[in-house]
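Participant: My structure is below; once you've seen it, I'll send some questions.
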Amino acid sequence: MRGLIAFSLFCAAAGSVVRAAQVLRPRGVPLSKASFYDPSRDFSCLDGSGSIPFSYVNDDYCDCQDGSDEPGTAACPNGFFHCTNAGHAPLTLPSSRVNDGVCDCCDASDEYASSANCLDVCRELGRAAREEAAKKREEHLEGYQLRQAMIEDGHKRKKEAESKIEELQKEKEEADTVRTEKEELKKVAEEPEKEALEKYRTADSEKKAEENAQQKEKYEGEAREAFAHLDNNADGLLSMEEMMSRQTFDTNRDGQVSEEEAKFYLNQEETLTLDTFISTGWPLMRPVYRMDQRMFTPPSTTTAAPPPMEEELTPPPPVFDEEVTLKAWVLLSGSRDTIKEM
């Protein structure tokens with residue numbers, strides 16, 4: 001008898017342990033809210049709107065405004081049903097999906113009173129989910145390790161680049177120092193050369209200016225001498241009559257100097273003063289006049305050596321007119337038609 005009593009107490013204790021592990025609660029209630037559903041007392045609506053006998057819980061009639069008295073039925077439109085889904089992830093559904101013929105919970109707890117043939121597949125789904133999660137964790141770990149390797153490689157490359165930049169910067173500074181020193185040496189070495197070159201340029205410029213001044217003076221002196229020779233009446237004007245009296249200007253060699261020929265040498269003017277003669281008339285007359293002077297040899301009782309040829313003078317740039325000089329030389333060739341075409 002005592003043995004039977006002991007066995008009964010053991011069974012009762014074992015049942016208590018199982019009930020404690022399972023935490024008995026109404027259908028559709030999550031474990032976090034199990035303490036609100038105590039069958040030993042009246043149920044208070046979770047929104048505080050009222051209290052009802054506990055026997056009204058899950059009686060398929062909505063008594064509480066928040067639907068908290070019908071967590072396991074579809075009676076309340078605003079209620080929620082909780083799937084425990086042991087072995088997989090729990091799920092909370094709107095109460096309207098309870099017993100709707102669709103298997104929403106993997107443990108089939110939402111279709112307890114419907115014709116749907118729902119099976120408890122939570123363990124299989126949980127196993128697959130855990131395998132997928134493990135696979136993703138492995139991928140994440142590989143990605144993390146790759147990221148860390150790339151970070152380390154990046155740090156290494158950055159340090160190498162910084163070291164290279166520092167090295168190049170030092171080389172640049174050394175090169176700049178060498179360049180500065182060489183520039184100073186070059187400057188010191190070139191200074192005497194620059195001074196000598198400047199002196200030479202100054203002397204050469206002064207020499208050229210002096211030569212030009214001498215040539216101009218000689219050229220103008222020659223022009224004044226010719227003007228005095230051609231100005232028969234010495235009135236300071238060279239007229240057409242005076243030009244026509246000189247066979248020197250008979251360019252077509254017909255024995256007389258025409259008005260056209262005289263006017264050409266007068267630069268299409270009636271008369272020329274000394275200044276205009278030097279600037280416009282003399283450049284036209286000079287080749288013909290000088291040639292005529294060379295061809296004329298005054299009579300002499302003794303045979304003398306021919307005078308040395310005069311050095312050709314290069315007139316200063318302002319005196320020459322290329323087109324006028326060309327016309328003068330064409331006249332020397334005797335081609336009047338060519339002049340008209342020009």
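The values are calculated or read from the model by the stated rules, or taken from the named source; none is laboratory data. Here the structure is a predicted model, which means the values were calculated and not measured. As a convention, Cβ positions derive from the backbone with ideal geometry for all residues, glycine included, and neighbour counts pool all protein chains shown.
Participant: Between a residue in region 204-221 that is within 21 Å of Leu284 (Cα to Cα) and any residue that is in a helix (DSSP H, G or I), which pairs come within a Cβ distance under 8 Å, given they are 6 or more apart or on different chains?
Facilitator: Sorted first by the residue in region 204-221, then by its partner, the pairs are Glu220/Ile278.
Participant: Would you mention how many residues in region 241-277 are in a helix (DSSP H, G or I), basic (Lys, Arg) and within 17 Å of Arg290 (Cα to Cα)?
Facilitator: 0
Participant: Also, quick follow-up: Let me confirm something: among Arg19, Arg2, which residue is at pLDDT below 95 and either under 26 Å from Asp107 (Cα atoms) or in contact with a helix residue (DSSP H, G or I) (Cβ under 6 Å, 6 or more places away or on another chain) (or both)?
Facilitator: The conditions single out Arg19.
Participant: Which residues, counting only those in region 228-247, are farther than 15 Å from Glu270 by Cα and either surrounded by fewer than 18 Cβ atoms within 10 Å (Cβ to Cβ) or of a type in the set (A, V, I, L, M, F, W, C) (or both)?
Facilitator: Passing the criteria: Ala228, His229, Asn232, Asn233, Ala234, Gln247.
Participant: While we're on this one: Please count how many residues of region 58-94 are of a type in the set (Asp, Glu) and either surrounded by fewer than 21 Cβ atoms within 10 Å (Cβ to Cβ) or closer than 17 Å to Asp107 by Cα (or both).
Facilitator: Adding up the residues that qualify gives 4.
Participant: Of Ser95, Ser115, which residue is modelled with pLDDT under 95 and farther than 24 Å from Pro30 by Cα?
Facilitator: Ser115
Participant: Could you pull out the residue among Asp110, Asp100 that is in contact with a Lys or Arg (Cβ under 9 Å, 6 or more places away or on another chain) and of a type in the set (D, E, K, R)?
Facilitator: Matching residue, one of Asp110, Asp100: Asp110.
Participant: Here is a follow-up. The conditions are (1) among the aliphatic types (A, V, I, L, M); (2) under 25 Å from Ser114 (Cα atoms); (3) surrounded by 14 or more Cβ atoms within 10 Å (Cβ to Cβ); (4) out of contact with any helix residue (DSSP H, G or I) (no Cβ under 6 Å at 6 or more places or on another chain), and Ile52 fails exactly one of them. Which is it?
Facilitator: With (1) among the aliphatic types (A, V, I, L, M); (2) under 25 Å from Ser114 (Cα atoms); (3) surrounded by 14 or more Cβ atoms within 10 Å (Cβ to Cβ); (4) out of contact with any helix residue (DSSP H, G or I) (no Cβ under 6 Å at 6 or more places or on another chain) applied to Ile52, the lone miss is (2).
Participant: Of Val121, Val178, which residue is among the β-branched types (Val, Ile, Thr), closer than 30 Å to Ala75 by Cβ and out of contact with any strand residue (DSSP E or B) (no Cβ under 8 Å at 6 or more places or on another chain)?
Facilitator: After applying the criteria, what remains is Val121.
Participant: Next up: Residues in region 110-125: is at least one in a strand (DSSP E or B), closer than 30 Å to Ser51 by Cα and not polar (S, T, N, Q)?
Facilitator: no
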